[in-house]
Amino acid sequence: MATSSEPMCVDERKTSNVTIKEGDQAILKKGKTVRIFQIRKNRDIWLDKIKFSLDGAVGHYYGSTFVVKNGHMHKVQKTFKEAEVLGPEKGTDNRDLHDLDSNQKLSREDIEKMKKEGAKGQEIIEQLIENSTTFKGKTEYAQEKWVKKKKQKHVAEFTVLKPNTRLMCQMYHEKSPAKILNIRMDTLAQILTYGNVHAFTNVAVVDTCSGLVVGAVLERLGGYGKVFHFHPGERPVRPIVDNLNFPQEFLDNLYNFPFCEINSLKSEEGKSDDVIDNSHGDSVPSEGDSLSDTTVKQCTDSNTETNTGGESTESQDKDNTDPVARKRKAEMSTREANKILYSKRLSEAKELLLKRNIDCLIIASKFNPTPLVTTLIEYVAPSRPIVVYSQYKEAVMDAYAYLREIGCLVNYRVSETWLREYQILPMRTHPEIQMSAGGGYLLTATTIVKEQK
Amino acid sequence: MSLAKYHDKVKENDTVILYLGYDNMHAIKIKKGSVFQTRYGALRHNDIIGTTYGSRVHCPKGYLYILYPTPELWTSNLPHRTQILYTTDISVVSFQLDLKPGAVVVESGTGSASLSHSIIRSILPDGHLYTFEFHKERAQKAEEEFKDHGLSDYVTVTHKDVCQFGFDLEDVADAVFLDLPVPWDAIPSAKKALKKQGGRICSFSPCIEQVQKSCTCFAELGFEEISTKECLVRNFDVRTINLPNPEFSRDKTKSQPPKKGSRFDRDDMDAYSEETAENSAQCDIVESSDTKENKTSEVLDTPAWDYIGRKTAANFSFKAGISLGRMPGHTGYLTFATLYPL
């Protein structure tokens, strides 16, 4: 089996990604709001109704906290704690407190004015407290809760974080869970662990969750080992992998495998790789596609080659200052280069899969898992884990039933995990009021050497 | 042998997992000439040496499978010296601490090294685990096991009481894991051990009072995003269920009584078995026997694909995932926090 390319030396990898750099994908976290942006200089973004540029972040450590002043980011020290603004006065209960708008003497305009004049977050909160008729009558706990709420509303402080699987999963699960098939973090955690995903393993992943599982696997592989991403359509849709900003060496180990090539894989047993046969016209990606992330890089190189080649022969035939003709020629050579690269990668993937030594098969897609797992299990080595995820227990049970019929696995388990978060505060400890209703279902099992019946 | 990298064939000194059936596995260390007694008879180690992992091996009264030891299989079958962390919690810890190759992790207490094996697997080849255990023999046993499993290069075991003496590590760790009765005694030293560029920490405690004190300590020391979670696993037993239709009159010509002696008449759910012994392999799909029976009974007015299962005059049959009896209700609370750079 071909070994993966040598990953970056350890120190380089550790230091190069702790500071914020231009071009990085970065997560901006403000309280519960988690959004991802690409750091580009002189370009404004919107976060929580505030517009500003990200320039001020460049050069600082990830994990730094910033405030926005006049459309620019400024690094600050840690945010003040609620307890720091509380005075000695407090009440015992809320029997005499009435919930009226007039309780707060400062108007919205007053607050905006303070912000424009550059008042610090702590000052604004202190002003709000002074101008509140009811604050001193609240209990200590109610005061803390009130301050926390005001902080979230008026203090534009946020942290810049390096994207990783945990944060991407959290972000998507909160904002658009359907895009990740409702995979909750604990379910994803089980998938990675039960799949024994680690360096030097080759993992086959069926992923239609925006690349969350592929990304998580790539992260756990750390550049060692290969990933085969099985996907519907001609091109994989995996924005999360892009957000995770992996180094090129990691992505070189990521192979795309469209579903529509699976049958040809099955029929190719025993044949040597045939580059030309695979590139049937309909399976060619268009220019500027994210099919394999090596495509763009390699294609640019071969693009310049073919361009120079093309132009020298063209000069006799065409007016080579004609920009339209030149562009069309360039597009065609890019397409040709892409086509060749695509076929090459696909052949490579097929060759590797046909060795039947996949170390882990993970299925997390919107499709019926049964045909996927019964087909792809053939390429998994014996005594290796498989993990099938579905939002629906019935789908997982169906896959289980069919696999048991085939008889190529042992150690079956159909399960789901239950996750609950807690509020831990002195005298106020209890589970959170709301919790996730479901995180999906898993089928895990271990392959065995298939007996000839 | 190595838990770090798969290899194909069983060698002497390998730790292998013997799979006999559902909930019936054993971890054994292969030694030439040894014999392991199973319910299917004697298993000679010599017979296993050289076989491919995943193979079926025959014993006098049945057969079993030889499986490669993953950290998960090891966790399920390791000898307990202390209460251990199980895979459900281990998965969440690994995920929330952002473990990956190259990560440096500090852990205390090592205990039975269940979590330790998983951590090492996730951070190799360029990461490292510093694990601390205050019980001398347990520390030694853990060290031996790591050696047996080919993981010594990735781990340093220290016999030390970190609550009293601290970790004596500074600016090295990406993540710290604490499973201690008094974690707040170790948290200040844990903070020091974390890298200046920041890192993650986790404290596992069975009792809520410990969690409260730990969270207060985290907050005082400047940790952020302090979050306490609990994760429990629920397993499902997949089987076909036949619910007989009730009789509404004494006239018995309309419907047939339920099949006598059906497995599913029994209350005993332990009838479900994945046993691999030649004589008792049972399949959950009873389609064939249902069809035979229902040919004679009147099939009700149902479409070819019924809404959930199959209905005949006598029965409603469907495949169900059942959770009966007991399930783990509590293992411990997992508290995570982040240390950001200054």
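A few notes on this one:
- Enumeration of residues in the stretch A:32-55 that are more than 14 Å from every other protein chain (Cβ to nearest Cβ), out of contact with any Lys or Arg (no Cβ under 7 Å at 6 or more places or on another chain) and over 17 Å from A:N243 (Cβ atoms): A:K41, A:N42, A:R43, A:W46, A:K49, A:I50, A:K51, A:F52
- Subset tally (residues that are of a type outside the set (A, V, I, L, M, F, W, C) and either part of a loop (DSSP other than H, G, I, E, B) or open to solvent by less than 10 Å² (accessible area, probe 1.4 Å) (or both)) for the stretch A:168-191: 6
- Any hit, the stretch B:192-199, residues being among the aliphatic types (A, V, I, L, M), at pLDDT 95 or above and over 29 Å from B:E12 (Cβ atoms): yes
- Residue among A:K75, A:K51, A:K113 that is loosely packed, with under 15 Cβ neighbours inside 10 Å and in a helix (DSSP H, G or I): A:K113
- Within the stretch B:210-224, considering residues that are surrounded by fewer than 22 Cβ atoms within 10 Å (Cβ to Cβ) and more than 9 Å from chain A (Cβ to nearest Cβ), the one farthest from A:E157 (Cα to Cα): B:Q210
- So B:D23, is it open to solvent by less than 10 Å² (accessible area, probe 1.4 Å) and of a type outside the set (V, I, T): no
- Qualifying strands (runs of 3 or more DSSP E) (wholly inside the stretch B:1-101; at least 2 residues being within 11 Å of chain A (Cβ to nearest Cβ)): B:15-21, B:24-29, B:56-59, B:62-67
- Among residues of the stretch A:146-191, those that are within 24 Å of B:S91 (Cβ to Cβ), of a type in the set (D, E) and more than 8 Å from every other protein chain (Cβ to nearest Cβ), counted: 1
- Test: residue in the stretch B:28-41 that is open to solvent by less than 10 Å² (accessible area, probe 1.4 Å) and under 22 Å from the mean Cα position of the chain (by Cα): no
- In the stretch B:307-342, the residues that are farther than 23 Å from A:W418 by Cβ, more than 9 Å from every other protein chain (Cβ to nearest Cβ) and either buried (at least 16 other Cβ atoms within 10 Å of the Cβ) or touching a residue at least 40 places away in the same chain (Cβ under 8 Å) (or both): B:G309, B:R310, B:K311, B:T312, B:A313, B:A314, B:N315, B:F316, B:S317, B:F318
- Taking the criterion of being surrounded by fewer than 24 Cβ atoms within 10 Å (Cβ to Cβ) and of a type in the set (S, T, N, Q), the only residue of the stretch B:97-113 that qualifies is B:S112.
- Members of the stretch A:431-453 found to be touching a Cys at 6+ places or on another chain (Cβ under 8 Å) and either at pLDDT below 95 or more than 8 Å from chain B (Cβ to nearest Cβ) (or both), listed by number: A:K450
- Hits in the stretch A:90-110 (condition: assigned to a loop (DSSP other than H, G, I, E, B) and open to solvent by 70 Å² or more (accessible area, probe 1.4 Å)): A:K90, A:T92, A:N94, A:R95, A:D96, A:H98, A:D99, A:L100, A:K105
- When the stretch A:17-31 is filtered for residues that are out of contact with any Lys or Arg (no Cβ under 7 Å at 6 or more places or on another chain) and part of a loop (DSSP other than H, G, I, E, B), the ones remaining, listed by number, are A:V18, A:I20, A:K21, A:G23, A:D24, A:G31.
- Any hit, the stretch A:338-353, residues being buried (at least 20 other Cβ atoms within 10 Å of the Cβ), within 14 Å of another protein chain (Cβ to nearest Cβ) and not charged (D, E, K, R): no
- Here A:D252, A:D242 are screened, and the one residue that is within 19 Å of B:P101 (Cα to Cα) and either modelled with pLDDT under 95 or surrounded by fewer than 24 Cβ atoms within 10 Å (Cβ to Cβ) (or both) is A:D252.
- Total residues in the stretch A:192-209, condition assigned to a loop (DSSP other than H, G, I, E, B) and facing another protein chain (nearest Cβ under 8 Å): 5
- Any hit, the stretch A:212-226, residues being more than 12 Å from chain B (Cβ to nearest Cβ) and closer than 18 Å to A:V373 by Cα: yes
- Some residue of the stretch B:122-139 being out of contact with any His (no Cβ under 9 Å at 6 or more places or on another chain), open to solvent by less than 10 Å² (accessible area, probe 1.4 Å), within 30 Å of B:P328 (Cα to Cα) and at pLDDT 95 or above: yes
- For B:P206, the stated conditions do not hold, so it cannot be described as without any contact (Cβ under 8 Å) to a residue 40 or more places away in the chain and more than 30 Å from A:T19 (Cβ to Cβ).
- Only listed residue being at the interface with chain B (Cβ under 9 Å from one of its Cβ atoms) and under 30 Å from A:Y141 (Cα atoms), chosen from A:R428, A:R413, A:R420: A:R420
- In summary, A:Y379 fulfils each of the numbered conditions (1) under 22 Å from A:N263 (Cα atoms); (2) within 11 Å of chain B (Cβ to nearest Cβ); (3) of a type in the set (F, W, Y) with the single exception of condition (2).
- Per-region count, the stretch A:56-72, residues outside any strand (DSSP E or B) and away from chain B (no Cβ under 14 Å): 4
- Here B:I123 clears all of (1) touching a residue at least 40 places away in the same chain (Cβ under 8 Å); (2) touching a Phe, Trp or Tyr at 6+ places or on another chain (Cβ under 9 Å) except the condition numbered (1).
- Lone qualifier among B:D265, B:D237, B:D270, B:D284 - being of a type outside the set (A, V, I, L, M, F, W, C), open to solvent by less than 60 Å² (accessible area, probe 1.4 Å) and at pLDDT below 75: B:D284
The values are calculated or read from the model by the stated rules, or taken from the named source; none is laboratory data. What you see is a predicted model, and the numbers here were worked out from it, not measured in a lab. FYI the Cβ positions are ideal-geometry reconstructions off the backbone, even for glycines, and counts take in every protein chain you see. Accessible surface areas use protein heavy atoms only, side chains included; no ligands, DNA or RNA. Shrake-Rupley method; radii C 1.70, N 1.55, O 1.52, S 1.80 Å.
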